[in-house]
Amino acid sequence: MRNLKPLKCLRCLDLQSPGSPQCFSVRTDTGTVLVASEFSLTEYDPRAGQVVNEVSLTAEDYLPEDGSGVVVGIQDLPDQESVCIATGSGDVILYNLNTNQLECVGSVESGLTGMSWSPDQELVTLSTGQETIIMMTKDFEPITEVEIHQEDFGEGKFITVGWGKKETQFHGSEGKQAAQRKTTVQPVMSWDDRRQRITWRGDGQLFAVSAVCPHTGARKVRVWNRECVLQATSEAINGLEQALCWKPSGSLIASTQRHPNKHSVVFMEKNGLLHGDFTLPFGKEQAKVKELLWNSDSTVLAVWLEDLSPGEDSQPNTYIQLWTVGNYHWYLKQSLHFGSGPLRAPACVCWDPEKPLRLHVLTKGWAGYTYDWGWSTERSPGDDSRDNACVAVIDGDKVLVTTFRQCVVPPPMCAYELQLPSPVNLVTFCSEALKTNELAAFTADGRIFVFNQGNRDETKPVAGPTGFKMISETPTLQKTYRVEVNGEEPLFLRLLLWLKESLFLAVSCGEDLNHSWLLMLSAPESQSPESTLQIRSKVLVEGHVISLCHRPVSGTVALQLEDGQIRKLFWESSEPTVRQWRNHSGCSINFPQPCVQTGLCTISGEEHLIGLTDRSHLYIGDTEVASNISSFVVYDDFLLLTTHSHTCRCLSLSTLSVKGLQTALESDAGQNDETLRRVERGSRIVTVVPQDTRLILQMPRGNLETIHHRALVLAQLRKWLDSLKFKDVFECMRKLRINLNLIYDHNPKVFLENTELFLKQIDSINYINLFLTELKEEDTTKTMYPCPSSTASKPATPGTGGKKVDIVCDALRTTMESLDPQKYCLCILTAHVKKTTPELETALQKVHELRVNPPSEANTVSAEEALKYLLFLVNVNELYEHSLGTYDFDLVLMVAEKSQKDPKEYLPFLNMLKTLEPNYQRYTIDKHLKRYKKALHHLSKCGEEHFTEALNLVKDQRLYSEALELYPADSPQYKVLSVAYAEYLVEHQQAEQAGLLLWRCGETARALQAFVSCTSWRHALAVATQIPLPAEELALLARDLAEKLIELRRHTEAALLLEQYAKDCEEAISALIVGAAWEEALRLVYLYNRQDIIETNVKPALLEAHSTQMSFLESQKALFTRHKNRLAVVREMKEKARLELLDEDGPDCPDAELFSEASSVMTGSHLGSKYSRSNSRISARSSKNRRKAEGKKHSLKEGSPFEDVALLHALTQIIHVVDKMREEVHSLLKALVLFQYDKQACSLQQDYSEILQLIETAIPEIWHEGLQQTQTPVTGPNSTANSIMASFHQQRLSSVSQADSEALSPPKMRSSVKWKLCILK
């Protein structure tokens, strides 16, 4: 649905050269045009408007001086830096552009009628006056010469078995005679020049020749291959004309055919058969087609026509029409009328070989025109709901308009057609608010036609007389204007904007070559049917204006020049001016390249011009933000784009900066990113329906697709939710499958304040139930539909600690009960059931109330309907069990009757329950439902005869704590339960708690046994004293407890028992000496006056402890030093390996950058491949094997892959052990000094001090600052994408455990603990 918009027109009106132009060619390297006339070869530059070079063709007698010579072909040869010219007399001339020398490279005596070079310029074909074709190489060496008219069909002759013969076909009412009737072919028209036409396919493998058959006088088309071997001959086509052009893409050959009732452009395949056509907008005998020309990318077909009958000044009118195809329909997009002047008629027409949409025209009066077009979609610019999202498509003298708000009609169909008296070249919509559906069309005869739709509201369809509703009314012609501009040239206005109701902005060519006029055209106040637009003001712009862009919101008009410069037009002042486009800092902003599509928007509070080049580069000002964009449109606060990677992006301009847009377009979207959507390959944006969620895309073949882009949908939903339009929101979300939780999550506070409005707007029981059933605890604004970053923070949910589902269900239920509980009965049931803890009992009770007291109003829900609906929400078995849990047998029967249960299953059970005592009945029900706490509660009320059953229930279900709360503390049941609980605790290794229970309930003997078993000696002695035990048994108990405490290395406590309860001070002192409690041992020695023990026990023990400590410190020091040195060696080896891997830079070392002092994961081809491979397999095995693998990981074996981590673990363990010796060494030093073992004390203090100093010095070396950083991903300016990805991969593989992470941190020493003795040196 795109139109061809004129961008630029270069006029060269002052060219002077003898004769008249006969043919021309475009030089691709310089952009100049080579023109051959009957006297000379002329080269002119369209951009400078002057002749660059001229050489005479008559000086060396290549052409006669009387002007009768004819040039039949000209071709620029860039590789040879020459121009090849073919004359009618038979000469082939080569003109060297460097030396300006002419050379005749060949001559044909019979003369030449045409010349055509292959697209790769390796071959040249010449048609001669003897009806032959000569093929030569680019060096003009003849290859072959063949006759044009051959009787043979060619190598591609069809093979048939008779099924396709004309004689076997059915001919309807014509009868069998039609099978024998022979087709008579009429000879060519008198105006046909009877010259051969040669055209090549785009790949240079085939060429076609159109020539007049000498027998029938009609034209035939023959197809030849690159070796000049005939491939196919066209069928007999009556009325086939001279024009011939092969589509560069290779699919079709275009020609023209005159039918008895129409004039058509027809297409043939390479086998000569017809394949499609379209009708020219002329009568049968009105015009002749001089040439057909395909542009270089096969998208536009130019038709050069001339009237057969002369015009007003006895000269025929001449036209050039541009046709495009879409969805198998041919559109006339541009029509250039050159009038009937003899010098204004085109003499030569050709497309530019490099710029697909650039057309060169040279008239007989040596006026050169170069037209540039661009693709554009003409859409209505409104942003309100009254805008119909109109898109206008030019099709000759009709404008096809589709109103996408009302209907999506695939082209070539449309909502309505606007018929005009002459072909349309430009279409524009009004930019004024509330009038954006009005349309103006500029026709080829220089008139502007204005259409409007009156004042009817398009959103309300009107019923027609047949009962059909008319959803889109055809606009009516309101006014017709003529333009007071020099309109003698075609496309004298090339850009048109409708700014206000009576004000147009247009662009025309300036008087100078590189200037443009901006024309402010205003309509007169007269109400005549056809008035003239007056030029209110003119603004001269240096350069060619190739685009106009207007933003109705701000009124800004931006211009773009052909070199990408941006200008701003201040048009609202009395004297309009054009100034440079500047940013907020005053710097001039220009596009780096000219853009064919532009749009205005606001980003970060500043207005920017967006441009898209024909090479898919998207610019915002002078910043390139993407390079794979196929189309874009600016709507409201969004920039919508389609990319060549087959995605549609919708980016919020209110939340992103220019840099942010660039980053967003470069990065891949996340899983819940609403800005991206996959689309079909080649999709382009047509328009966006304002204040709606629809985005219209057109596929390459021409059909349309409507999508609801998630970003547009969510933005519109947020607007509706802010406006409290719950009905629109719900219908949209339901249709587009948006999670209904967003209704609440968008603004919980507002929703809870407007629950009544929500219910009244929805007004559908089914919709309310659907909303309730979709509720979940997830906040969709943070997961599925995250809000833009600039959106204000969401208000906190009312209520403290409440769950979302419960809050919404309670709020809606309360509101529904206050509005109409009968109407919303099913919704109320849903609100009960859908809570996080379903209130099934309450819901069942409401159903029971309906059954007991049925409502009297009509159209209310009955109990049966409510129960049936409840069974739809809840599993029938679950509902049956909950109904049973209400102890209401009527309700149970009602549910059971609606279920599929067999009465034999539940009736005996219910009858049995009815016979039981109420409490025991409830106990039975609760036990059946496995509600054991309730069952125990009811069973405790059934009397002492059921206590044994209760005790068994407590033991089976471990309800000891609950059972103790149900019986008095002085009751025998309480004592039995306590004993049972204590037995349970003893079994589960909690004997101390069991002893407490037994002690408080009076079971002292069993309590004593429990305390002794867990070595709770204080409780045990207290119970023993309470019993009371005899003195001998008490002493024996104390000795037993002391032995257990000594086994547990609790020597001080054992000594206390032996001293105070066993009355054995010697054993107590011995226990203290064994436990190295020197000070306490000395206290007891002197307390009980046993100084003899000092000599016999204390001093030997001191010397032995000193010797043990000295040996231990020496071993720890040696082990620490060995591990420290080995760690340095391992780190050096790994650093060397890492550097080698970096130097290799091979495919087998993706993690080379990551090997550091703390990383141990390496590839199998390097250090420790045996271990790394085995560990990768072990990771998927059982937990036992994983523990075994973890043990191997910390192996200190030399060469293991994790040796450095294992060494760190070992060093950390040594440091902790040595550091914990401070108190023990301090106590030993004091005892040694006391008994004058100063030498031993000094040596111990010195050795311990040395190892502490060694450790403190080594810690910074072992745990340096870079150790922790090596575990983080490698990022930064010096990193590559591969290295960063490898870093994350390395981090995932290493999976540093908690123990490993602790080993990577330096251990802390307890330096604050004072252990040294100052009296020692």
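The values are calculated or read from the model by the stated rules, or taken from the named source; none is laboratory data. The structure displayed is predicted, hence computed values, not measured ones. Virtual Cβ from ideal backbone geometry, glycine too; neighbours counted across all protein chains shown. Just the protein is used for accessible areas: all its heavy atoms, side chains included, with ligands, DNA and RNA removed. Shrake-Rupley method; radii C 1.70, N 1.55, O 1.52, S 1.80 Å.
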Legend entry - Residues of region 964-1001 that turn out to be farther than 18 Å from residue 1012 by Cβ and touching a His at 6+ places or on another chain (Cβ under 8 Å), as a count: 1
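For region 481-512, which positions are of a type in the set (D, E, K, R) and over 20 Å from residue 341 (Cβ atoms)? Spell out the reasoning first.
Residues of region 481-512 that are of a type in the set (D, E, K, R), as a first pass: 482, 484, 488-489, 494, 500-501, 511-512.
482, 484, 494, 500, 501, 511, 512 - these are the residues of region 481-512 that are of a type in the set (D, E, K, R) and over 20 Å from residue 341 (Cβ atoms).
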Legend entry - Filter result for residue 993 (at pLDDT 90 or above, under 18 Å from residue 955 (Cβ atoms) and part of a helix (DSSP H, G or I)): yes
Inset, instruction - Go through the residues of region 116-129 one by one and say whether even a single one is under 18 Å from residue 194 (Cα atoms), assigned to a loop (DSSP other than H, G, I, E, B) and of a type outside the set (S, T, N, Q). - result: yes
Inset, instruction - Give region 275-292 a look and list any residue that's open to solvent by 10 Å² or more (accessible area, probe 1.4 Å) and closer than 19 Å to residue 328 by Cα, or say none. - result: 275, 276, 277, 278, 279, 281
Inset, instruction - Report, by residue number, each residue of region 685-707 that is in contact with a strand residue (DSSP E or B) (Cβ under 6 Å, 6 or more places away or on another chain), at pLDDT 90 or above and under 17 Å from residue 329 (Cβ atoms). - result: 686, 698, 704
Inset, instruction - Just give me the residues in region 1260-1274 being modelled with pLDDT of 85 or more and surrounded by 17 or more Cβ atoms within 10 Å (Cβ to Cβ), in sequence order. - result: 1262, 1263
Legend entry - Breaking point among (1) among the basic types (Lys, Arg); (2) touching a strand residue (DSSP E or B) at 6+ places or on another chain (Cβ under 7 Å); (3) within 17 Å of residue 827 (Cα to Cα), for residue 760: (2)
Legend entry - Only listed residue being surrounded by fewer than 20 Cβ atoms within 10 Å (Cβ to Cβ) and free of Cβ contacts under 8 Å to residues at least 60 places away in the same chain, chosen from 353, 310: 310
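For (1) touching a residue at least 24 places away in the same chain (Cβ under 8 Å); (2) touching a His at 6+ places or on another chain (Cβ under 6 Å); (3) on the phi > 0 side of the Ramachandran plot; (4) surrounded by fewer than 18 Cβ atoms within 10 Å (Cβ to Cβ), each residue gets a yes or a no:
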site	(1), (2), (3), (4)
1042	yes, no, no, no
1047	no, no, no, yes
1056	no, no, no, no
1060	no, no, no, yes
1075	yes, yes, no, no
1079	yes, no, no, yes
1083	no, no, no, yes
1087	no, no, no, yes
Inset, instruction - Please specify each residue of region 1000-1020 satisfying the condition of being assigned to a helix (DSSP H, G or I) and either of a type in the set (Val, Ile, Thr) or surrounded by fewer than 21 Cβ atoms within 10 Å (Cβ to Cβ) (or both). - result: 1000, 1004, 1005, 1006, 1009, 1012, 1013, 1018, 1019
Legend entry - Unmet requirement for residue 823, which otherwise passes all of (1) at pLDDT below 80; (2) part of a loop (DSSP other than H, G, I, E, B): (1)
Legend entry - Members of region 938-992 found to be of a type in the set (Val, Ile, Thr), open to solvent by less than 60 Å² (accessible area, probe 1.4 Å) and under 26 Å from residue 916 (Cβ atoms), listed by number: 954
Legend entry - Tabulated pairs, region 568-585, first under 21 Å from residue 602 (Cα atoms), second among the basic types (Lys, Arg) and open to solvent by less than 80 Å² (accessible area, probe 1.4 Å), C-beta under 7 angstrom, 6+ apart or interchain: 578/567; 579/567; 579/568; 580/567; 581/567; 581/568
Legend entry - Cross-chain or 6+ apart pairs with Cβ under 8 Å, region 86-110 first and within 20 Å of residue 27 (Cβ to Cβ), then charged (D, E, K, R) and surrounded by fewer than 21 Cβ atoms within 10 Å (Cβ to Cβ): 93/103; 94/103; 95/103; 96/81; 96/103; 97/81; 98/81; 102/60
Legend entry - Subset of region 459-485 that is over 22 Å from residue 402 (Cβ atoms) and surrounded by 11 or more Cβ atoms within 10 Å (Cβ to Cβ) - its residue that is modelled with the lowest pLDDT: 485
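Counting only residues that are aromatic (Phe, Trp, Tyr) and without any contact (Cβ under 8 Å) to a residue 24 or more places away in the chain, how many does region 840-879 have?
So the first thing to find is which residues in region 840-879 are aromatic (Phe, Trp, Tyr), and the list is 869, 872.
When the remaining residues are screened for being without any contact (Cβ under 8 Å) to a residue 24 or more places away in the chain, the result is 872.
Looking only at that region, the number is 1.
Could you tell me how many of the residues in region 708-736 are more than 28 Å from residue 684 (Cβ to Cβ) and touching a strand residue (DSSP E or B) at 6+ places or on another chain (Cβ under 9 Å)? Step through it out loud before you land on a result.
Within region 708-736, the subset more than 28 Å from residue 684 (Cβ to Cβ) is 720-731, 733-734.
After this cut, where a residue has to be touching a strand residue (DSSP E or B) at 6+ places or on another chain (Cβ under 9 Å) as well, the list is none.
Total meeting the criteria: 0.
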Inset, instruction - Pairs only if they're at least six apart or on different chains, beta carbon under 7 angstrom, first in region 504-529 and free of Cβ contacts under 8 Å to residues at least 40 places away in the same chain, second of a type outside the set (Lys, Arg) and surrounded by fewer than 12 Cβ atoms within 10 Å (Cβ to Cβ); list them, first residue then second. - result: none
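Take residue 58 and tell me if it is β-branched (Val, Ile, Thr), more than 17 Å from residue 347 (Cβ to Cβ) and modelled with pLDDT under 90.
Details: β-branched (Val, Ile, Thr): yes; more than 17 Å from residue 347 (Cβ to Cβ): yes; modelled with pLDDT under 90: yes.
For residue 58, the condition - β-branched (Val, Ile, Thr), more than 17 Å from residue 347 (Cβ to Cβ) and modelled with pLDDT under 90 - is met.
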Legend entry - Residues that are open to solvent by 40 Å² or more (accessible area, probe 1.4 Å) and among the hydrophobic types (A, V, I, L, M, F, W, C), drawn from region 579-590: 587
Inset, instruction - Mind checking which helices (runs of 4 or more DSSP H) fall wholly inside region 686-792 and carry at least 2 residues that are under 30 Å from residue 411 (Cα atoms) and small (Gly, Ala, Ser)? - result: 710-722
Inset, instruction - Confirm whether residue 678 is surrounded by 15 or more Cβ atoms within 10 Å (Cβ to Cβ), in contact with a strand residue (DSSP E or B) (Cβ under 8 Å, 6 or more places away or on another chain), within 23 Å of residue 706 (Cα to Cα) and modelled with pLDDT of 90 or more. - result: no
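Are any residues in region 118-135 open to solvent by 20 Å² or more (accessible area, probe 1.4 Å) and touching a residue at least 24 places away in the same chain (Cβ under 8 Å), and if so, which ones? Write out each step before concluding.
Of all residues in region 118-135, those open to solvent by 20 Å² or more (accessible area, probe 1.4 Å) come to 119-122, 129-131, 134.
Passing the criteria: 119, 120, 121, 122, 129, 131, 134.
Out of 518, 503, 540, 513, report the one residue that is closer than 19 Å to residue 482 by Cβ and within 47 Å of the chain's Cα centre (by Cα).
Values: 518 fails: closer than 19 Å to residue 482 by Cβ; 540 fails: closer than 19 Å to residue 482 by Cβ; 513 fails: closer than 19 Å to residue 482 by Cβ.
After ruling out the rest, the residue left standing is 503.
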Legend entry - Residues (among the aliphatic types (A, V, I, L, M), closer than 17 Å to residue 17 by Cβ, open to solvent by less than 30 Å² (accessible area, probe 1.4 Å) and out of contact with any Phe, Trp or Tyr (no Cβ under 9 Å at 6 or more places or on another chain)) located in region 55-105: 71
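Quick check, is residue 19 on the phi > 0 side of the Ramachandran plot, under 59 Å from the mean Cα position of the chain (by Cα) and part of a loop (DSSP other than H, G, I, E, B)? Break it down stepwise before answering.
Numbers: on the phi > 0 side of the Ramachandran plot: yes; under 59 Å from the mean Cα position of the chain (by Cα): no; part of a loop (DSSP other than H, G, I, E, B): yes.
Answer is no for this residue.
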